[in-house]
Every structure is written in C-alpha cells, then in structure tokens.
Amino acid sequence: MIRGVRGATTVERNEAEEIVLKSKELMEDLVTKNKILPEQVASVYFSVTEDLDATFPAKCLRQLQGWTHVPVMCMKEIPVPGSLPLCIRVMVTVETDIPQDAIHHIYHHQAKQLRPDLKK
C-alpha cells in the first residue's frame, strides 16, 4: 500500500543552518515513528513559506544514512494571508503495510497548531 506521511516544523530565522537542522529533526522523527526505510520511499516533497529562501530543506536528507538516491523536491507554499510563517512542510510517499489511521504525522514547534486534531 502507498501512503502519504505528513509533517511540519518551524524555524525562528531564515538561516540555512537552522532550516537544515529543523528539517533533519523532523525527518528523523517521522522516519523513526513510522519505521520507514529509504528503499520504501517513492519521493519526498518539502514546501516552505515565502519567508524562507536561505536554503533547500531537502538538503537534510543527504545527511541521513541511505537516503542518497531518494528523489526529493522543494517548492513554495501558497502565500495565504494569516498562515503560519517560517514553516517547513513535508510529504513522504512511502510503501508500507501500516494502516492509514496508524500513520504518525509529525508536527514540531509552532507547526503543532496546524493539526491540533492529531495531538495525543
């Protein structure tokens, strides 16, 4: 079965080091909690709000063991008025036997407010 696994985080500043660090923390948590192996992943899509342009958040995947050949892409979010600033979102498309209602979507820092329904 193919599933989408979502996540989001925020940074405090538009700085390359922080963007990569927070993206890496998010991906490590998402991968661990969902027991995802790189060879199960079809693709990873990152999006950032328009106030983030210091680097590509996908660079974080190149720091993770085994993720060298996983296709990744970065894009800008739609600039909806009043939306959460300094936000990085991710969608991982993965082959897994985990039922959809058992997937752990991961939200860190200020991004937790995006999905209050997922709080446990």
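What the table below lists for this structure:
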{"item": "Within the chain, percent of DSSP bridges classed antiparallel, to nearest 5", "result": "70 percent"}
{"item": "Amide H contacts of residue 7 (H built 1.01 Å from N, under 5 Å, at least 5 apart or other chain)", "result": "90, 106"}
{"item": "Phi-based couplings in Hz for the stretch 48-58 (Karplus 6.51, -1.76, 1.60; Gly and Pro marked x)", "result": "10, 6, 5, 8, 10, 8, 6, 6, 8, x, 5"}
{"item": "The stretch 9-120 - Rg and Dmax from Cα coordinates, angstrom", "result": "13.7, 38"}
{"item": "Value of [θ]222 nm, deg cm²/dmol, for the chain, DSSP H segments ≥ 4, -39500 (n - 2.57) each, nearest 500", "result": "-5000 deg cm²/dmol"}
{"item": "For residue 77, residues with placed amide H under 5 Å, excluding near neighbours", "result": "48, 49, 50"}
{"item": "Residue of 102, 58, 42 that the Gaussian network model of the chain assigns the largest fluctuation, springs spanning Cα pairs under 10 Å", "result": "102"}
{"item": "Ratio of the Cα radius of gyration of the stretch 75-120 to 2.2 N^0.38 Å, where N counts its residues", "result": "1.37"}
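Bear in mind these aren't lab numbers, they're just calculated from the coordinates by the rules spelled out. From a predicted model like this one, the values you see are computed outputs, not experimental measurements.
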